[in-house]
Amino acid sequence: MCTTLLSKFSPPPHLLILHSQTSRIKLTSVYPRHASDTIEAFPTCSVSNFSKLRANKRFAYFDRTKYVFVLDSIDADVLLFLRPRRFGKSLTLSMLEHFHGVQHRAQYGELFKDLDVDKDVKENKVTPGQYLILKFDFAEVRRTRDLTKAAEELALNIIQSLKQFYRTYYLHLGSPPGQLISENINQRFAINSLANLVQLVNHTLREVKNGGDKKHPLANVKGGWHADHLKIYLLADEYDAFSNEYMDPHNSQPWAESDASSLVKAFWATVKDMVGLPYGIQKCFITGISPRSLTDNTSGGFNISVNMSFEEEVAGLCGLSRADVEEALERICQSKADVKQHLARLMKYANGYHFCNYRKSEPAVLTGEDFNIASPPNSEVSQRFLGICASSPRAVTHIQNALTHSPDQTTQYHLIPYSKLVQRFRLADLQSRDVGDGEEVAWHTLLLYFGAFTFDQENPSKFLTIPNRIAAARFGTTILRRFGLLDSMRDAVRFLALRGNILDPLSGYRKLMAARDIKSGEYAMTEWQHRDSFHIAILENPGLDPQVEYEVTKPGGGPGLVDLIVTSPSHCVVTEWKTVKIDFLDLGETLSWDEKAEALSQLGVNGVLELKFHRREKYKKGSIRDWIEKDVTAQLKSYVLSPEIRGLVGNREFHAHLVLVVGFRKILVWEMDENGDWIGQPVLA
């Protein structure tokens, strides 16, 4: 991994951290810029070429080359390695290319000397420069909405990779590159051209080994690098980047019937066939985001691949650990206090990815410069995938559940239990399950691979969770966008910061409740679930500092927990959240929940206050107004008068509110002054 140096570094007001989109900061080999032995700053760039990074002496390298031997030791011809976006997969492939490619053999000393792999080479555990590298980068395919044109662009990308192979290895193949290209590449048939290339290599190397061509350049090569060793190592970078643009679980037919889909299937079917040739493709290393594309776009799910994504031995292949970041910050920052400050912010907002599903492992950190939680420029979760999730009732339900805080507050976000994941799944698997049926294995798996969920650090074999606060904020934003509430909620939250007005954000949350795909269980959401769902919208504004379950001391000396406090430089807003479940309201014995919700939506503020509790409600009696006056008033007043709230308010303007969610259709808000007295009458948000 890597960093670079600015002459006199002074920590900016935001967190200066590694920008994982860049190759110099790519999370598989991230380079800090340095002067002599002093790291000064982390740069922003988009290069992912291992040799260029190593040749630039202004950069230092977080060594990940020990994994060369680890990968070489795995008993499999085809390895599948999956990570969310921005974890440095491309730089990992570049490092493997430079180690294994015969054309880089002469550069071995300058590229790998004193790195971990050099020890393995000296102990004869692994040998550099023994492969012809056939590399494809599917992230480079030009996108177009027209699937026919998209297929043409994919074919062009494949052809360009084949041409590059001939230009690189024409000496090993015994003919000029122009002749190899003209004889073996048909611009209209990319897949046939791929098969021609592998068969040509297989035939050429077999003939040289058998002594059939004494004049061939490889026939008399000394030192062991001859036809008996040379075979093809296929590197496929971001194998699913192209298909992910078009595969939609809610409308799979256009992709399934397209020429682009057929071309992808033919590509991987040909690769599978070519792996069996004696001098064809000996090894394959495939990177991407999820196994979905290999399953939907290959015969038999490309069953020759071994998915190593969540195996312990490669958990640290891509990504920076806390120790990596801390060590770099210690060399960048001028004081231990600066290191602590920056590291704490990074751990809160961007840490949390765990890539081993059966044992506790070091979390990986996704990092970026110009840190901004409201609009992270380098998010690991793609905007297209966010949109797919927001249009799926299944995904929205999973994400909303995961975004809430755990009941015991031991983790930042709610833990999602699971008992199994699937190695391979199809679009149909995402379409066939209804919310609440089974474990939603396919959706859990997809959300995990795309970086929406990660394994819980303490219990990775049992629980998934939201990885960090940036991911939480982006999902909250996407859900609001789905229901057409994003702009209004942004304005509402802005006014909350400027004026302390909580009514508009609560009104937006009420609209969100009404617009969602309601399931029976959601009518029974608790106050802390509603509080945390609202909390997600607050995360959108970095000018606010929301605090959940704020500990206070009541006037009588007892402890208390204020549900949600929002502070800005000018305002302090204290909220106590309550909920009345629709089934505990006397809205008619014969009505269904949906019919009760419709009846409730027609009521005004007085009608809501006069609603009676059903006899099923054991703890609340009389009307909603009676319950508020008897029980809720004293509770909120004790929080308002606590010394902790008094100290927090300081010179800020004070606001306190009861927020009562009634039956998932109404939100009643009643303001209280700093003396604990109600201000006017309650209103509906």
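The values are calculated or read from the model by the stated rules, or taken from the named source; none is laboratory data. Note that this is a predicted model, so its numbers are computed, not measured. When we count neighbours, we look across all protein chains shown, and the Cβ atoms used for this are built from the backbone with ideal geometry, even at glycine. Heavy atoms of the whole protein, side chains included, go into the accessibility calculation; ligands, DNA and RNA do not. Shrake-Rupley method; radii C 1.70, N 1.55, O 1.52, S 1.80 Å.
Here are a few things to note about the model shown:
- Selection over segment 173-202 of residues that are over 17 Å from ILE133 (Cβ atoms), touching a residue at least 40 places away in the same chain (Cβ under 8 Å) and either touching a Phe, Trp or Tyr at 6+ places or on another chain (Cβ under 6 Å) or assigned to a helix (DSSP H, G or I) (or both) gives a count of 4.
- In segment 333-360, the residues that are in the same structural domain as GLN457 (by the TED database) and among the charged types (D, E, K, R) form Cβ pairs under 6 Å with partners that are modelled with pLDDT of 80 or more and open to solvent by 50 Å² or more (accessible area, probe 1.4 Å), at six or more places apart or across chains, as follows: ARG359/GLU312.
- Hey, GLY622 at pLDDT below 90, open to solvent by less than 70 Å² (accessible area, probe 1.4 Å), on the phi > 0 side of the Ramachandran plot and over 41 Å from the mean Cα position of the chain (by Cα) or not: no
- Test result for LEU430, within 30 Å of GLN253 (Cβ to Cβ), open to solvent by less than 20 Å² (accessible area, probe 1.4 Å), at pLDDT below 65 and not assigned by the TED database to the domain that holds SER252: yes
- Set side by side, the residues SER642, SER638 differ, and just one is more than 41 Å from the chain's Cα centre (by Cα), of a type in the set (Ser, Thr, Tyr), in the same structural domain as PRO569 (by the TED database) and within 15 Å of TYR550 (Cα to Cα), which is SER638.
- Close Cβ contacts (under 7 Å, 6 or more residues apart or on different chains) running from residues in segment 565-583 that are assigned by the TED database to the domain that holds ASP631 to residues that are in a strand (DSSP E or B) and acidic (Asp, Glu) comprise THR567/ASP545; SER570/GLU653; HIS571/GLU653; THR575/ASP563; GLU576/ASP563; TRP577/ASP563.
- Within segment 622-653, tally of residues that are within 18 Å of PRO569 (Cβ to Cβ) and hydrophobic (A, V, I, L, M, F, W, C): 3
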